[in-house]
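Undergrad: Sharing a structure here in structure tokens format.
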Amino acid sequence: QTPARLREALAHSVNVAAVWSIGQLGPSNVAAFASSLGIQSKLGTDLSLALGSYEVTPGEMATAYATLAAGGMFDEPRLILKIAGPGGAEIPLPARPPARRVMEEAEAYVLTSVLTSVVQTGTGKAARSLGRPIAGKTGTSNQSKDVWFVGYSTEIACAVWTGYDDAAPLGYGETGAISALPAFIDFMKKAHADRPITDFAAPRG
């Protein structure tokens, strides 16, 4: 086999490299890292973790990628922003826990840099049409039951999942790049319509 840089393997979704990498890191370490990014679904600690064999929610994925976008700061997601009672009086919400650092800013930047290669040269290159720096990753689970694109700009993180409620396979040839990425592009295009183009800033270190 020809050696490849991890950046290139990730960009092109090379499964052999993903399995090798998780073997080097240790599946239990990878599951713990995912938990620190907000993944609460149960993840098995075996090599199949690299191949999409365990399920997570779109909300968890968006939270995890938003943590990378925020330079390694985890912020508890909020689904409810405001509650108004009778007469429009606002009802106080519980205090939010403070954001906490789960990885060094330089580590988060390296992960972001690697994920931009997915868009620049890999399976997510259709997102180049957005005309701004985007980091992200396509995903296709076993038998194409779930396909994903999760990504972010400097301002917005977005997770797109495509699949059936009964976990039936989507069919031959359905992948994250084909069945999820177009919705990501459409959403991000509208969400960034009046926003300036900004690049991911490299921190010290």
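Undergrad: Can you give the net charge of the other residues whose Cβ lies under 12 Å from the Cβ of T116, counting K and R as +1 and D and E as -1? Mind dumping the intermediate values first?
TA: On the way: positive: R7, K125, R128, R132, K137; negative: D199.
In short, +4.
Undergrad: Enumerate the calculated ³J(HN,Hα) couplings along segment 145-156 in order (Karplus 6.51 cos²θ - 1.76 cosθ + 1.60, θ = phi - 60°), each rounded to whole Hz, writing x wherever the residue is Gly or Pro.
TA: Couplings: 6, 9, 10, 9, 9, 10, x, 7, 9, 6, 10, 9 Hz.
Undergrad: Please compute the alpha carbon radius of gyration of segment 9-93, then divide it by the globular-protein estimate 2.2 N^0.38 Å. Two decimals is fine. Let's see the in-between values first.
TA: Values: Rg = 17.7 Å, N = 85, 2.2 N^0.38 = 11.9 Å.
Against the empirical 2.2 N^0.38 Å value, I get 1.49 for segment 9-93.
Undergrad: Going by average Cβ density within 10 Å per residue, which order do the peptides 7-13, 171-177 take, highest to lowest?
TA: Listed from highest to lowest mean packing, they are 7-13, 171-177.
Undergrad: Largest first, how would T112, T57 line up by accessible area (1.4 Å probe)?
TA: Result of the area sort, largest leading: T57, T112.
Undergrad: So, one more: Please list, in order along segment 49-59, the HN-Hα scalar couplings obtained from phi with the Karplus expression 6.51 cos²θ - 1.76 cosθ + 1.60 (θ = phi - 60°), rounded to whole Hz, x for Gly and Pro.
TA: Along segment 49-59, the couplings run 4, 6, 10, x, 8, 10, 9, 10, 9, x, x Hz.
Undergrad: Highest mean first, what order results for 152-164, 66-78, 189-201, 27-39 on Cβ atoms within 10 Å?
TA: Sorting 152-164, 66-78, 189-201, 27-39 by mean packing, highest first, produces 152-164, 66-78, 27-39, 189-201.
Undergrad: Here is a further query. Give me the orientation-averaged projected area of the Cα convex hull of segment 65-141, in nm², one decimal.
TA: That works out to 8.3 nm², a quarter of the Cα hull's surface.
Undergrad: In Å, what is the Rg of the alpha-carbon atoms in segment 1-159, and how long is Dmax?
TA: 17.5, 69
Undergrad: If you roll a 1.4 Å probe over the chain with all protein chains in place, what percent of the accessible area is carbon or sulfur?
TA: C and S atoms contribute 57 percent here.
Undergrad: Show that you can apply the helix-only estimate: for the chain, add -39,500 (n - 2.57) for every DSSP H stretch of four or more residues, divide by all residues, and state [θ] at 222 nm to the nearest 500.
TA: Details: 7 runs with 70 residues, N = 205.
The per-residue figure over the chain is -10000 deg cm²/dmol.
Undergrad: Could I ask something else about it? Per residue of segment 177-185, in order, report the coupling 6.51 cos²θ - 1.76 cosθ + 1.60 (Karplus, θ = phi - 60°) as ³J(HN,Hα) in whole Hz, putting x for Gly and Pro.
TA: Result, ordered by residue: 5, 8, 10, 10, 4, x, 5, 4, 4 Hz.
The values are calculated or read from the model by the stated rules, or taken from the named source; none is laboratory data. Keep in mind that this is a model prediction, so the values were computed, not measured. Positions of Cβ are generated from backbone atoms using ideal geometry, with glycine treated the same way; all protein chains shown enter the neighbour counts. Only protein heavy atoms, including side chains, enter the accessible area calculation; ligands, DNA and RNA are left aside. Shrake-Rupley method; radii C 1.70, N 1.55, O 1.52, S 1.80 Å.
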